[in-house]
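Below is one structure, written out as structure tokens; comments come after it.
Just so you know, all these numbers are worked out from the coordinates, no wet-lab data involved. The shown structure was predicted, so the numbers you read here are calculated from the model rather than taken from an experiment. Quick reminder, even Gly has a Cβ in these numbers, built from the backbone with ideal geometry, and neighbours come from all protein chains shown.
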Amino acid sequence: MPERLSTSSSVVRFVRDCAQGLLDIVYPPRCLGCGGRAESPQLPLCPACLQSLERAPEMGMAARLDRLPVGKGVFDGALALWVFDKEGTLQAVQHALKYQNRPRYGVPLGRLMGDAFLERYPTPDGVVPVPLHRTRRLERGYNQSAALAEGVAEALNCPDRPDLLARPHPTRSQTGLSRGERWRNVRDSFLADPAAAGGRWLLVDDVLTTGSTAVAAGQTLADAGAEGLHLMTLGLARQ
Ligand SMILES: [Zn+2]
């Protein structure tokens, strides 16, 4: 039975990919930045718009994490690929990736993240996406961070380990909560697998805003005995 299930799901995937391939020929994908011809069906940006994205300063990421009362020392290093501006090109890409059912954009973007990570840090034992709570994942059909992590793992040539971190509890609304309560609210939503112990992991997320979600996920892996932790995100929100 499980075999038949996986066969039928790979048939569905094949048919969907073929349909998508035909659509890409009939309606070539447009650059989300300028509307021109995109680099490839997988990456919805033209070479000029891709070049124009502003690289995020490494210090900016560290400063953002240090601002959190609990953020210091969780990660051995943290990087974001690009600065994320409201209404900017990267937001259009992230929006398509997150809400318009375009998980295929995640893998090539993740590869670019992986290349940038390797310029600075050694290869980890595996890549761990920040998980979505099940309800949210079912609504959206996929986890955008998992799509990015897949590309990062490809670029680093190391295992993709979405199994190491789960989000069994939904994060309640943060509205009206004190700083401490907000932290506990996010902190308690994650659960690490015991297999995380002893490994050097690279945590991957889409956009870092305050950093509390990434730090909570990282702290959960650290508490489970992770030996080393780095963080890589696609964007760092400008503040
Ligand atoms: Zn463009």
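Within region 29-43, track down each residue that is near the ligand (Cβ under 10 Å from one of its atoms) and part of a loop (DSSP other than H, G, I, E, B).
Let us first name the residues in region 29-43 that are near the ligand (Cβ under 10 Å from one of its atoms), namely 30-39.
Within region 29-43, Cys31, Leu32, Gly33, Cys34, Gly35, Gly36, Ala38, Glu39 meet the criteria.
Do we find that Val93 is aliphatic (A, V, I, L, M), touching an Asp or Glu at 6+ places or on another chain (Cβ under 9 Å) and either within 16 Å of the ligand (Cβ to nearest atom) or closer than 29 Å to Val186 by Cβ (or both) in this structure? So that I can check it myself, show each step before the final result.
Working: aliphatic (A, V, I, L, M): yes; touching an Asp or Glu at 6+ places or on another chain (Cβ under 9 Å): no; either within 16 Å of the ligand (Cβ to nearest atom) or closer than 29 Å to Val186 by Cβ (or both): yes.
Judged against the criteria, Val93 is not a match.
In the list Ala195, Ala149, Ala166, which residue meets the criterion of being surrounded by fewer than 24 Cβ atoms within 10 Å (Cβ to Cβ), over 22 Å from Leu68 (Cα atoms), free of Cβ contacts under 8 Å to residues at least 60 places away in the same chain and touching a helix residue (DSSP H, G or I) at 6+ places or on another chain (Cβ under 7 Å)? Break it down into steps so the answer makes sense when it comes.
Working: Ala149 fails: surrounded by fewer than 24 Cβ atoms within 10 Å (Cβ to Cβ); Ala166 fails: touching a helix residue (DSSP H, G or I) at 6+ places or on another chain (Cβ under 7 Å).
Answer to the selection: Ala195.
Being part of a helix (DSSP H, G or I), touching a residue at least 12 places away in the same chain (Cβ under 8 Å) and more than 9 Å from the ligand (Cβ to nearest atom) is the filter here, so list the residues in region 44-66 that pass it.
Glu58, Gly60, Met61, Ala62, Arg64, Leu65
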